[in-house]
Number of protein chains: 2
Amino acid sequence: MNDKLLEIGKNAKAAAYKLNLMDTVTKNKILNAFAEALGTNVDTILTANQKDLANATDMPAKFTDRLKLTEQRINDMAEGLRQVAALPDPIGNIDKGWQNDAGLNIEKKRVPLGVIAMIFEARPNVTVDASALTFKSGNAVILRGGKEALNSNLALAQVLRDVLKTHGLDENSIQILHDTSHETANDLMHLNKYVDVLIPRGGAGLINAVVKNATVPVIETGAGNCHIYVDKNAELQMAIDIVVNAKVQRPSVCNAAEKLLIHKDVAETMLPAIAKALEEHGVELRGDTTSRKIVSSIVPATEEDWSTEYNDLIMAVKVVDDEQQAIDHINQYSTGHSEVIISDDYQSGQEFLNKIDSACVYVNASTRFTDGFEFGFGAEIGISTQKLHARGPMGLNELTTTKYVIRGNGQVRK
Amino acid sequence: MNDKLLEIGKNAKAAAYKLNLMDTVTKNKILNAFAEALGTNVDTILTANQKDLANATDMPAKFTDRLKLTEQRINDMAEGLRQVAALPDPIGNIDKGWQNDAGLNIEKKRVPLGVIAMIFEARPNVTVDASALTFKSGNAVILRGGKEALNSNLALAQVLRDVLKTHGLDENSIQILHDTSHETANDLMHLNKYVDVLIPRGGAGLINAVVKNATVPVIETGAGNCHIYVDKNAELQMAIDIVVNAKVQRPSVCNAAEKLLIHKDVAETMLPAIAKALEEHGVELRGDTTSRKIVSSIVPATEEDWSTEYNDLIMAVKVVDDEQQAIDHINQYSTGHSEVIISDDYQSGQEFLNKIDSACVYVNASTRFTDGFEFGFGAEIGISTQKLHARGPMGLNELTTTKYVIRGNGQVRK
């Protein structure tokens, strides 16, 4: 464990103590000041971002697009900060309260988690988004971004830290690791004394590495091998609209659909039309033998396909004998993110909702709705695909914990 | 990873799928049948327990008492099963529900976690308690008890499994590891494919080993270095009653108080009386220099004392300059379980409640109330001292997770 990181952890814990006691008006004032400061520091931020882009000559275009900042994108971040300022503050809410048999008044009260660490890839906007959400929920944050975005991240974090300092607040509420080595990331995963929860944000490789190595509690986010099952009682046009939307509207994100299952009774009538609509949007289809007999343009799927999250214009297709086979297939291969049944049959819908073990289970809607904003949370730090603490879209409330506050008048246990 | 354990994991997952769909009436019927079956199998269970006791010749008396079963203790377990049958079933509750902007009906519904693993020490009653609570909450359980209690645990689990089989249900709803080696326990901590959460129950050594090694999500329970702070505005008699109750009523459990902090303004007047009351109950006091000047029978405390959970008739005492020093001391040394202020001052109480970062924070009551039964949950699987998922006493609700159930009529994302 390196000394610098221990100091960062200690500083974060001290900052968290103060954040826990900060009132909502102050937090909102600072969030708006963050937004303002991004606007006045556009040039500094863009200069830093240019350095990162200049170093990123080997990076595929898809990733440089995520890395690149523009004045518009910085304004969007500022707008995001103002939106978080406008959200209700979950801290201090009483989830429930009661009087026990001994006459104690017990309240289950929302409090910050404390210190949140985030490990993420080369997306500078995460620096600002994560800082906003953790600050609003009263948590200190330790950020460790991808090395390709280091200059951008440092510049953005410095703007926020300067605002904290100017207002006489603890700038260590937001800290960012200058050292982006794997060793230090690994040390961060073991900083149990100071870190209350670690949230990795990125691809499956990053998330698996964190789950495997971390001793601090982790919330897994973002792996989405999402399925759509077209039942024998589906409406064809609805099936086409939902499958196309779920697959092509934004194929790179975790709530995009990756798999299409279709009931054998309607495969011959519906699959050709669905496949045609997907192919018109440039989707490559991979399928099982039965689906390939029905639509000749489908190429063979391998066993690996069923568990792969493509994040691309590819979709695998399987014809199933009945709904139970679809459910079993999904429960076997899914990452537990979002699954859909398209059906006009009451019983089929109910069975699907009850038997599928995923964070979000839909009847007749697109997987793309699995999102903190679409759910109405006003913000999102990620989509949890695990079952502990938070499952599905995580907003401000999911960045808090509770404590029991108990008031007595001398009670002792008999 | 050994093959036998993989099979156990697979069987647990298959059983969990069926448990998820089981109605409350059936679950309650089975819980009552478990209770009945314990009664009719008293002799078999006691014979198995005799074997364990015969092997436990080197065990300290305190531990053989936990290991020993009697007809009365078996009847108590049966009564516990009937009480769990009578509790409300959390599964199927809708925590909240709303319609989003796109017209989707979203429900946040309580569902079982899936497969729960428990690693515990030589206390056979945990086999029955844990089986009851996981079964009622719709979860499959994999139990790994201490090797000293293996015969007792196997006999108890067999009684429960036979009931399941007789009723045509999946006996793998409750599984117990015959292999109590450290290697297999370690493999269980890495069974991510099948285990949704691991709950260790036992001493600090066991819990730390699990936290350090496990890759499956863990809920830490039971470490309790609990503090009582006697403020300058405390009532003496209340302070005596609470401190004595919290320390001596049951010193071996995690909600017993281990530390006494006292404001310097009242140390001279109150500490002698409190110390006298504790010493009359056989409590050894260890203290800082100031406390030893006031009460000569107090022996010196070392730095290690401040972070030690004695689980015994020992208490460490420190005189503090003011409330803030007490709060800082507690936040530094506490395990985050339960802390108490004794004070008649409104402001002091509020400050303590707000600034202490522990699962349960009290004004004017004994730490001994941190308990699922005392809280009114009707059951308890442990006391969580971590911040994710559950914090404080864990009842049936804490053995569940949620999923979002979403009903649409063809919505796609714009």
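The values are calculated or read from the model by the stated rules, or taken from the named source; none is laboratory data. All values derive from a computational prediction rather than experimental measurement. Neighbour counts are summed over all protein chains in view; Cβ atoms, including those assigned to glycine, are modelled from backbone coordinates with ideal geometry.
Just a few scattered comments:
- Every condition in (1) surrounded by fewer than 20 Cβ atoms within 10 Å (Cβ to Cβ); (2) more than 7 Å from every other protein chain (Cβ to nearest Cβ); (3) modelled with pLDDT of 95 or more; (4) farther than 30 Å from residue B:354 by Cβ is met by residue A:349 except one, and the failing one is (1).
- The residues of the range B:202-214 that are at the interface with another protein chain (Cβ under 9 Å from one of its Cβ atoms), touching a residue at least 24 places away in the same chain (Cβ under 8 Å) and aliphatic (A, V, I, L, M) amount to a single one, B:214.
- Applying the criterion of being part of a strand (DSSP E or B) and β-branched (Val, Ile, Thr) to the residues of the range A:137-161, the residue that is surrounded by the fewest Cβ atoms within 10 Å (Cβ to Cβ) is A:142.
- Residue list for the range A:371-387, filter: crowded, with 22+ Cβ neighbours inside 10 Å and either free of Cβ contacts under 8 Å to residues at least 24 places away in the same chain or over 27 Å from residue B:354 (Cα atoms) (or both): A:375, A:382, A:383, A:384, A:385, A:387
- If the condition is being over 20 Å from residue B:372 (Cβ atoms) and in contact with a strand residue (DSSP E or B) (Cβ under 6 Å, 6 or more places away or on another chain), then the range B:120-152 contributes B:140, B:142, B:144, B:145.
- The numbered conditions (1) assigned to a helix (DSSP H, G or I); (2) more than 8 Å from chain A (Cβ to nearest Cβ); (3) crowded, with 20+ Cβ neighbours inside 10 Å are all true for residue B:368 except (2).
- Residues located in the range B:229-239, provided they are of a type in the set (A, V, I, L, M), within 11 Å of chain A (Cβ to nearest Cβ) and under 13 Å from residue B:266 (Cα atoms): B:234, B:239
- Criterion applied to A:89, A:52, A:129 was being farther than 19 Å from residue A:395 by Cα, surrounded by 13 or more Cβ atoms within 10 Å (Cβ to Cβ) and acidic (Asp, Glu), and the one residue passing it is A:52.
- Failed item, numbered, when residue A:397 is tested on (1) touching a Cys at 6+ places or on another chain (Cβ under 9 Å); (2) assigned by TED's automatic domain parsing to the domain that holds residue A:198: (1)
- Here residue B:173 meets each of (1) in contact with a helix residue (DSSP H, G or I) (Cβ under 9 Å, 6 or more places away or on another chain); (2) away from every other protein chain (no Cβ under 14 Å); (3) surrounded by fewer than 18 Cβ atoms within 10 Å (Cβ to Cβ); (4) touching a residue at least 60 places away in the same chain (Cβ under 8 Å) with one exception, condition (3).
- All of (1) facing chain A (nearest Cβ under 8 Å); (2) in contact with a His (Cβ under 8 Å, 6 or more places away or on another chain); (3) not β-branched (Val, Ile, Thr) hold for residue B:226 with one exception: (1).
- Residue list for the range A:396-412, restricted to those being surrounded by fewer than 22 Cβ atoms within 10 Å (Cβ to Cβ) and part of a loop (DSSP other than H, G, I, E, B): A:412
- Whether a residue is of a type outside the set (Lys, Arg), touching a Cys at 6+ places or on another chain (Cβ under 7 Å) and at pLDDT below 95 was assessed, and residue B:203 does not pass this test.
- Here residue B:129 passes the criteria (1) in contact (Cβ under 8 Å) with a residue 40 or more places away in the chain; (2) more than 20 Å from the chain's Cα centre (by Cα); (3) within 30 Å of residue A:391 (Cα to Cα) except the one numbered (2).
- For residue A:331: the one exception among (1) in a loop (DSSP other than H, G, I, E, B); (2) within 8 Å of chain B (Cβ to nearest Cβ); (3) free of Cβ contacts under 8 Å to residues at least 60 places away in the same chain: (1)
- Residue count, the range A:372-393 (criterion: under 21 Å from residue A:229 (Cβ atoms) and either part of a strand (DSSP E or B) or more than 8 Å from chain B (Cβ to nearest Cβ) (or both)): 3
- Residues located in the range B:266-304, provided they are farther than 19 Å from residue B:244 by Cα, within 29 Å of the chain's Cα centre (by Cα) and not in a loop (DSSP other than H, G, I, E, B): B:303, B:304
- Among all residues of the range B:180-188, there is none that is within 14 Å of chain A (Cβ to nearest Cβ) and surrounded by 22 or more Cβ atoms within 10 Å (Cβ to Cβ).
- Any chance residue B:294 is within 18 Å of residue B:264 (Cβ to Cβ) and either within 11 Å of chain A (Cβ to nearest Cβ) or buried (at least 22 other Cβ atoms within 10 Å of the Cβ) (or both): no
- Verdict on residue B:239 being assigned by TED's automatic domain parsing to the domain that holds residue B:312, crowded, with 17+ Cβ neighbours inside 10 Å and either farther than 27 Å from residue B:190 by Cα or of a type in the set (A, V, I, L, M) (or both): yes
- For the range A:215-222, the criterion of being more than 14 Å from chain B (Cβ to nearest Cβ) and within 22 Å of the chain's Cα centre (by Cα) is met by at least one residue.
- Test: residue in the range B:246-265 that is within 13 Å of chain A (Cβ to nearest Cβ), part of a helix (DSSP H, G or I), surrounded by fewer than 23 Cβ atoms within 10 Å (Cβ to Cβ) and at pLDDT below 95: no
- Any hit, the range B:301-316, residues being within 14 Å of another protein chain (Cβ to nearest Cβ) and either among the aliphatic types (A, V, I, L, M) or out of contact with any helix residue (DSSP H, G or I) (no Cβ under 6 Å at 6 or more places or on another chain) (or both): no
- Residues of the range B:1-34 classified as assigned to a helix (DSSP H, G or I) and over 25 Å from residue B:110 (Cβ atoms), total: 7
- In the range B:320-346, the residues that are more than 20 Å from residue A:402 (Cα to Cα), of a type in the set (A, V, I, L, M) and surrounded by 24 or more Cβ atoms within 10 Å (Cβ to Cβ): B:326, B:342
- Qualifying residues in the range B:85-126 (those that are polar (S, T, N, Q) and without any contact (Cβ under 8 Å) to a residue 40 or more places away in the chain) - the one nearest to the other protein chains (Cβ to nearest Cβ): B:100
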